[in-house]
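Q: Here it is, the structure, as structure tokens.
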Amino acid sequence: MNLKRSNAPIFWLLFGGGGMLAALFGTILVFITGLAAPVGWPFGPDLLSHPRALAFAQNWLGKIFLFACISLFAWHAVHRLKVTLHDVGIHPGPFVKLLLYGGALAITVITGASLLSVGF
């Protein structure tokens with residue numbers, strides 16, 4: 001019996017990781033960045049000020065959190081888009097898959113480069 005090699009487990013791992021992070025942190029991130037920070041509740045008006053955000057992005061734990069959230073959310077989103085296209089009857093070909101997953105890869109690389117460029 002000759003088994004066919006597949007790269008599907010890699011994409012399913014990224015999709016699943018993004019889905020888990022979205023379920024665990026997505027709602028609270030929307031609350032903090034969309035409601036709590038703009039109105040200054042409960043942490044004050046400078047919660048997401050530039051110096052604080054920069055300090056968070058320069059910390060190695062902050063870098064890991066930001067990289068994981070941004071990149072895995074992107075992989076989860078593009079896989080959802082591919083599945084949604086399939087569900088509505090548009091079967092994405094290799095070009096569309098390359099475009100979608102290439103976009104997620106580009107977001108991942110740009111995120112990593114940006115986080116490295118702000119220093120430690």
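Taken together, the values in this text are just the output of simple stated rules run on the coordinates, not laboratory data. What you see is a predicted model, and the numbers here were worked out from it, not measured in a lab. Glycine gets a Cβ as well: all are built from the backbone with ideal geometry, and neighbour counts include every protein chain shown.
Q: Under 17 Å between alpha carbons, and skipping anything fewer than 8 positions from residue 97 in its own chain: which lysines qualify?
A: Once the sequence-local lysines are set aside, what remains near residue 97 is 82.
Q: Which option, (1) 16, 54, 29, 1; (2) 13, 38, 27, 17, 6, 0; (3) 12, 32, 32, 16, 6, 1, 0, is the value of P(r) over Cα pairs in 10 Å bins from 0, in percent that was calculated from these coordinates?
A: Of the listed options (1) 16, 54, 29, 1; (2) 13, 38, 27, 17, 6, 0; (3) 12, 32, 32, 16, 6, 1, 0, (3) comes from this structure.
Q: Here is a further query. Using the crude model of +1 on Lys and Arg Cβ and -1 on Asp and Glu Cβ, and no other charge, please compute the dipole size for the chain relative to its Cα centre, in debye to 20. The partial results should precede the final answer.
A: Numbers: 7 positive and 2 negative charges, 80 e Å.
So the dipole magnitude of the chain works out to roughly 380 debye.
Q: To the nearest 500 deg cm²/dmol, what mean residue ellipticity at 222 nm is calculated for the chain from DSSP H runs of n ≥ 4 alone, each contributing -39,500 (n - 2.57), summed and divided by the residues?
A: On the way: 5 runs with 80 residues, N = 120.
Theoretical 222 nm ellipticity from helices: -22000 deg cm²/dmol.
Q: Additional query: Can you give the three extents of the C-alpha atoms in the range 53-94 along their principal axes, from longest to shortest, in whole Å?
A: For the range 53-94, the Cα extents along the three principal axes come out at 46, 17, 12 Å.
Q: Report, to the nearest 10°, how far helix 8-21 tilts away from the longest principal axis of the Cα atoms in the chain, using its own Cα long axis and a range of 0 to 90°.
A: 30 degrees
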